[in-house]
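Undergrad: Input: one structure, supplied below.
Please treat every number below as a calculation from the coordinates, not as lab data. Being a predicted model, the structure only gives us computed values, none of them experimental. Here Cβ is always computed from backbone atoms with ideal geometry, including for glycine, and neighbour counts include all displayed protein chains.
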Amino acid sequence: MAETSADLRGIHAFAAMAAPDLARLERGAVRLDLRDGATVFQQGDPSDSVYAVIGGPGCVRAGVLDRLSKGLMIVLLAAGDIFGEIAVIDGAPRTATAVAVGNVRLARIRAASFRDALAHSAPLGEALCGLLARRLRRTFGLLQDATFETLEVRLARQVLYLLDREGRRTAEGMRLGRRLRQGDLADLLGGTTRSIITILNAWRSDGIVAYDGERALLTVRDLGRLRLVVEPDDGPSVL
């Protein structure tokens, strides 16, 4: 893990900040180069920093684990995103665990520096309100899905979310930008690997996806049909 000064100009939440305010924030930040699988922080840790994803081919997965180590992904964070801000704002422990997926470069911003910038920069406050609103909407969506939807619908929705975040167009269709083993896919939902295998086999039989088990690559071959899993077309109503 290397530490040097951090450049925050590419971070979405900081884009509208005045140059002097951004410069002060950068002076309170250090750069971290993390390898795949490195833990940034764990749920329940003290809130001493905010993090920004400033580069690298990887990303950060934020989620929670239960007592049996079954995971649930809440959000995937790529270059330009910040995370860890909730606990810094209210001073409470971390609400989730954040882990590097692939090699990723972060900026660690001290809590005091971030709170000072928030107190003096209206553009940062406005951007942060929008960010928190979007994340709250996603969290409510996950709660609603977990309560009312089948595992197949929840998996389809998460795959569509990942495609929107980092999908790549190939000759076969839209491919997820990162390798995801079947166990990783289960962790997107807090499900079991066996149930994910059952769903993937059905989707492959129907021509919706192709899954390369050796390389752990998922390609959506029929995006329209995958969307129908989430929002079925019931056809015209008959009165």
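Undergrad: Counting Lys +1, Arg +1, Asp -1, Glu -1, what net charge surrounds residue 97 among other residues with beta carbon under 10 Å of its beta carbon?
TA: +1
Undergrad: In a GNM of the chain with a 10 Å cut-off on Cα contacts, which of 75, 220, 229 has the highest mean-square fluctuation?
TA: Answer for the Gaussian network model of the chain: 229.
Undergrad: Once you order the gyration tensor axes a ≥ b ≥ c over the Cα atoms, which shape class does the stretch 22-104 get: rounded for a/c under 1.5, otherwise prolate or oblate by comparing a/b with b/c?
TA: Oblate.
Undergrad: Using a Gaussian network model of the chain whose springs link C-alpha atoms within less than 10 Å, name the residue from 205, 113, 195 with the highest mean-square fluctuation.
TA: In the Gaussian network model the winner is 205.
Undergrad: Mean separation of Cα pairs under 8 Å and 6+ residues apart, divided by the residue count of the chain: what relative contact order is that in percent?
TA: 19
Undergrad: How big, in percent, is the set of alpha carbon pairs in the stretch 149-230 lying more than 18 Å apart?
TA: When all Cα pairs of the stretch 149-230 are counted, 31 percent exceed 18 Å.
Undergrad: Moving on. Along each principal axis of its Cα atoms, how long is the chain end to end? Whole angstroms, biggest number first, please.
TA: Here the spans come out as 59, 49, 39 Å, largest first.
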